[in-house]
1. Identify the single condition in (1) part of a helix (DSSP H, G or I); (2) out of contact with any Lys or Arg (no Cβ under 9 Å at 6 or more places or on another chain) that residue 337 does not satisfy, given that it satisfies every other one.
2. Please enumerate the residues belonging to the stretch 302-334 that are part of a helix (DSSP H, G or I), surrounded by fewer than 23 Cβ atoms within 10 Å (Cβ to Cβ) and in contact with a helix residue (DSSP H, G or I) (Cβ under 7 Å, 6 or more places away or on another chain).
3. One residue is enough: does the stretch 508-524 have a residue meeting the conditions in contact (Cβ under 8 Å) with a residue 24 or more places away in the chain, farther than 23 Å from residue 298 by Cα, hydroxyl-bearing (Ser, Thr, Tyr) and surrounded by 15 or more Cβ atoms within 10 Å (Cβ to Cβ)?
4. Could you please let me know if residue 187 is assigned by TED's automatic domain parsing to the domain that holds residue 224, under 25 Å from the mean Cα position of the chain (by Cα), at pLDDT 95 or above and surrounded by 20 or more Cβ atoms within 10 Å (Cβ to Cβ)?
5. List the number of the failed condition for residue 17; all other conditions in (1) in contact (Cβ under 8 Å) with a residue 60 or more places away in the chain; (2) in contact with a helix residue (DSSP H, G or I) (Cβ under 9 Å, 6 or more places away or on another chain); (3) in a helix (DSSP H, G or I); (4) of a type in the set (D, E, K, R) hold.
6. If we keep just the residues of the stretch 149-202 that are among the acidic types (Asp, Glu) and assigned to a strand (DSSP E or B), which is nearest to residue 88 (Cα to Cα)?
7. Out of 487, 501, 457, I need the residue that is among the small types (Gly, Ala, Ser) and in contact with a helix residue (DSSP H, G or I) (Cβ under 9 Å, 6 or more places away or on another chain). Which one?
8. For the stretch 441-486, give me each residue that is small (Gly, Ala, Ser) and surrounded by fewer than 20 Cβ atoms within 10 Å (Cβ to Cβ).
Amino acid sequence: MTAPWWQSGVIYQIYPRSFQDGNGDGMGDLRGIGQRLDYLAGLGIDAIWISPIYPSPMVDFGYDVADYRDIDPRFGTLADFDALLTHAHARGIRVLLDFVPNHSSDRHPWFVESRSSRENPKRDWYLWRDAAADGGPPNNWVSDFGGSAWEWDEATGQYYYHAFLKEQPDLNWRNPAVQAAMYDVMRFWFDRGVDGFRIDVLWHLIKAEVFPDNPPNAAYHPALGDMHRVLQLHSTDQPEVHAIAAEMRAIADSYGSAGRGERVLIGEIYLPVDRLMHYYGRERPEMHLPFNFQLIEAVWEARALATLIATYEAALPPGGWPNWVLGNHDRPRVAARHGQAQARVAAMLLLTLRGTPTLYYADELGMSDVPIPLEQMRDPRGLREPGLGLGRDPVRTPMSWDGSAHAGFSTVEPWLPLNSDWPARNVARMMTDPASILLLYHQLLAVRRAHPALAIGDFALLASDGDVLAYERREGAQRLIVALNLGGRRQRLQLPREATGCRSLLSTIGAAPLIENDVLLLRADEGVILAA
């Protein structure tokens, strides 16, 4: 293949607190990840993305960064990170870090200085504003975690802006000194050998310069959460953010000849498709992969998915490479959304669509959301608006590795509860079960690696009816057909005339698919890959 690695490869997200405890404190760490590199290599992924591991008070579990150039002692040391990087690269696994440039911790030295006085040289590194005429916040902007996005500072007599928690003040990306400092952070990690970044809330970086009120949301309902009271028209997705994204890309590209191929930038951007596409870059290249989260929120129905896929493909700019995500550390797991049977079909969808797929740890086990009692809840998002089901703890629970105490994750009680079915739903047991979803993931990744058509080939939807979603992948003379039954009843798919005599490569339910007179007979909840 001549495509860059990040086009043909598969990315695996690790939430480090919950992957593997390497020192017996009940929480995952870098040494734990290192202990499981052989598992990841055997699974067949190409890169790991590690959620934040920087020094942090952990008010938002690492997304409140107190030092961008070090490792939090809970996870290890810089030496541990360097060792992990070396061992991962030796196995052909690239390492991506989570970069959190929109905001820091309020304990970061930059903010401590900024808060110390109005005259401090770093005052303008953050967003400070006078109170409104009535003494209240400068405008009506709402934190994504609920409540006003402005916090009053008694000592200096001004408000500072925080898009998330008050302990996460937003940096002022209109300040050239802030830009220079954060670009140097990227270089620091690239110089250590990191293969790329997932950039947190990229579309938040720039705010409207005069801070006008955001318009009210006419569709708001309290069940949606307080953040949806207003539309983030002026607090996100401002035109100036694209120059920053382009500069980040230029830095990444400057490291492209270091022996391991291109460095990659993945932007976290929750925007409609038409606006998402701007982050590929119009005047200059920006993100290699602006994250496409549509499958997480999609209506799980064949015609709706076909329309979604076609619309996304049609919207891509020239040279823009697609990508797909089924789950992450913020959203309900795929098995919780669609059930175990359809989680298998969803796995085939993710790994056979055109574009780079990102897997979320433990989805390959079919892990579902884990109910967290209020007294064990840790996520500030859930604690601020209890009862709305907004907490993210249920999707961040420990990986279950085997049938030993604490599922092999730790030698002590884990920081969050294990999934209740861990004695059966664990790696060791599922590796011996030929019908397990884990072995299905192994098979899917092996088929993808063996067939360039699935990794980099062309894509075309096929005509289908009922609950069937079908498409074709082609690369050179190689032609594959993917057919997915998104329902619980048998379905039929008329195969294209030129597919006569096709053979089965894989079925999500194990048995060979049934083909009669060029009609594929799909069983309930079955997905198949055929070689034409």
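1. With respect to (1) part of a helix (DSSP H, G or I); (2) out of contact with any Lys or Arg (no Cβ under 9 Å at 6 or more places or on another chain), residue 337 is out only on (2).
2. Selection gives 308, 311, 312, 315.
3. Looking through the stretch 508-524, none of the residues is in contact (Cβ under 8 Å) with a residue 24 or more places away in the chain, farther than 23 Å from residue 298 by Cα, hydroxyl-bearing (Ser, Thr, Tyr) and surrounded by 15 or more Cβ atoms within 10 Å (Cβ to Cβ).
4. No: the conditions fail for residue 187.
5. (2)
6. The extreme case among them is 170.
7. One residue alone meets the criteria, 487.
8. The answer is 446, 450, 457, 460, 463, 466, 476, 477.
The values are calculated or read from the model by the stated rules, or taken from the named source; none is laboratory data. Here the structure is a predicted model, which is why all the values come from computation and not from measurement. Using ideal geometry, Cβ is built from the backbone for each residue, glycine included, and neighbour counts are taken over all protein chains shown.
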